[in-house]
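Laboratory data are not the source of any read-out in this text; all were calculated from the coordinates shown. This one's a predicted model, so the numbers in the text were calculated from it and none came from an experiment. We place every Cβ from the backbone using ideal geometry, glycine too, and count neighbours over all the protein chains shown.
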Amino acid sequence: MISIRDNLKRVQEQIAVAAEKSGRSADEIQLVTVTKTMDVGTIQEAISCGVSIIGENRVQEALTKYPLVKRPVSWHLVGHLQRNKVKKALEIFDLIHSVDSFRLAEEISRCSEKLGRQADVLVQVNTSGEESKFGLIPDEVISFLESLAPLPGIRVLGLMTIGAFLPDPEQVRPCFARLRGVFEQVQSSGLPHVRMRFLSMGMTNDFPVAIEEGANMVRIGTAIFRA
C-alpha cells in the first residue's frame, strides 16, 4: 500500500542530506510535488501530509483538478506551455517553469496585462542537447532575457532544466552544473528586469545531485506517489 506520508518523509530526508552537502539548509530547497495523473483525493492527501506546492504538466488536466482542491496551495506549471493555453494557465498557476520562446513570453505578457498583473516565470534551458527536449541552448539565455525587457506583463524569477534521462544520476550532473553556470552568469549580468531567485532542476531519479549542484527547487512526483 502506498504511504504518501512515509514517501514524503523519505524525500525530505534526502533533500536535507543533499542540501547539507552543498552547504545549505533543507529550508532553502522548495519541493514541487508533481501530481500529473493523480486524482484529487490523492492530491488532498498529499497536502494533508504537508505538501504546499502542486506541480502539473498539462493545463487541461490542471483545470479539472484546480476547482476541487480546497486547501490553499501554490500551483506551478512544470510542463510545456502552448500559446493557445496561456490565458487558462494564468487563471491557475502561480509560477510557469517552461518559458522557452519569445512568442510564448509575449503571449504571457499580453494576457497578464489584461488581467492587470505580472506573471512569474522561469526560463527553460536545454542543458542536455537532446532534440526531444524543449528549452533554449545555454549560450542563448542572456540575449533571450534581454529581449524580454520590453514585456511589462512578465517577470523572470529564474531558470529551469530537465536533465538527460540517464540511469546514473552522476551522468546527469553536468546538465545541472551547466545550468548553475548560466544562472550565475545571469546574476552577474545586472539585467534590471530579471530576478534570479529560483534554480529549478532535479526530479525523482536525480534530485539529490541537482541540489548538490545548486538547485533550490526540485520537481518530484514518482518518489512521493509510488508504492
Lysines near LYS9 by alpha-carbon distance under 25 Å, same-chain residues fewer than 8 away left out - which ones? LYS21, LYS36, LYS65, LYS70
If we sort 199-212, 136-149, 60-73 on the protection proxy, mean other Cβ atoms within 10 Å, highest first, what's the order? 199-212, 136-149, 60-73
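Given an 8 Å cut-off on Cα distances and at least 6 residues of separation, report the relative contact order of the chain as a percent.
With pairs under 8 Å counted, the relative contact order is 22 percent.
Between LEU191 and SER52, what is 0.36 nm times their sequence separation minus the Cα-Cα distance? Round to one decimal in nm.
47.0 nm
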For region 95-108, take each phi angle, set θ = phi - 60°, evaluate the Karplus expression 6.51 cos²θ - 1.76 cosθ + 1.60, and give the result in whole Hz per residue in order, putting x for glycine and proline. 8, 9, 8, 10, 6, 9, 7, 5, 4, 5, 4, 4, 5, 4
Would you mind working out the magnitude of the charge dipole of region 84-209 relative to its Cα centre, with +1 at each Lys and Arg C-beta and -1 at each Asp and Glu C-beta, to the nearest 20 Debye? 480
How many angstrom lie between the C-alpha centres of region 1-72 and region 110-156? 25
Per the C-alpha gyration tensor (a ≥ b ≥ c, the square roots of its eigenvalues), the chain is rounded if a/c is under 1.5, else prolate if a/b beats b/c, else oblate; here it's oblate
Which of rounded, prolate or oblate describes region 1-134 when judged by the alpha-carbon gyration tensor and an a/c cut-off of 1.5? oblate
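Arranged from highest to lowest average of other beta-carbon atoms within 10 Å per residue, in what order do the peptides 213-220, 36-43 appear? Let's see the in-between values first.
Details: 213-220: 24.0, 36-43: 14.8.
The densest-packed peptide leads the list: 213-220, 36-43.
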